[in-house]
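Enquirer: Please see the structure below; I have some questions.
Derivation of every value follows stated rules applied to the coordinates shown; laboratory data play no part. Since the structure is predicted, the reported quantities are computational estimates derived from the model, not experimental observations. Ideal geometry is used to build each Cβ from the backbone, glycine not excepted, and the neighbour counts take in all protein chains shown.
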């Protein structure tokens, strides 16, 4: 498969989340929020992979929309961990930056795919319409 920046970014982000959760559990004795952020923080990567193997353009958009929601949820958990002093400033800023970049990449991919879907639909409608016009001239 061709290298994909969004695939690479979402995987690297998931690795960071897993490592952060290990740290939270072993060093901070935090177990509840880390369960939540582990799920939401690793989900975007899985959904990006599913999207890349989607059955249709609509399925691709749907899977990326789930990845977008999960990334936004992860940002919430990061904010909460920081506000409750489980994450320090440096770690929080770094993870927040990665999450924001991932979210922008996902949103951009969704917008681009939707634009392409509309353009393709307009072309098909144009072909059908012009074909109908041409056929009426032969009848």
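Enquirer: Residue check, residue 45 against (1) under 17 Å from residue 95 (Cα atoms); (2) touching a residue at least 60 places away in the same chain (Cβ under 8 Å), all met but one. Which one?
Expert: Result: residue 45 fails condition (2) only.
Enquirer: Now for a separate question. State all residues of the stretch 51-82 that are under 15 Å from residue 9 (Cα atoms) and over 10 Å from the mean Cα position of the chain (by Cα); if no residue qualifies, say none.
Expert: Listed by number, the residues that qualify are 52, 74.
Enquirer: Now a separate question. How many residues does the stretch 22-59 hold that are surrounded by 20 or more Cβ atoms within 10 Å (Cβ to Cβ) and within 18 Å of residue 111 (Cα to Cα)?
Expert: Residues that pass the stated criteria total 4.
Enquirer: When residues of the stretch 83-112 are filtered for being part of a helix (DSSP H, G or I), farther than 16 Å from residue 15 by Cβ and in contact (Cβ under 8 Å) with a residue 12 or more places away in the chain, how many remain?
Expert: First, the residues of the stretch 83-112 that are part of a helix (DSSP H, G or I): 83, 89-112.
When the remaining residues are screened for being farther than 16 Å from residue 15 by Cβ, the result is 83, 89-90, 92-93, 96, 100, 103-112.
Subsequent filtering for residues that are in contact (Cβ under 8 Å) with a residue 12 or more places away in the chain retains 92, 96, 100, 103, 105-107, 109-110.
Result for the stretch 83-112: 9.
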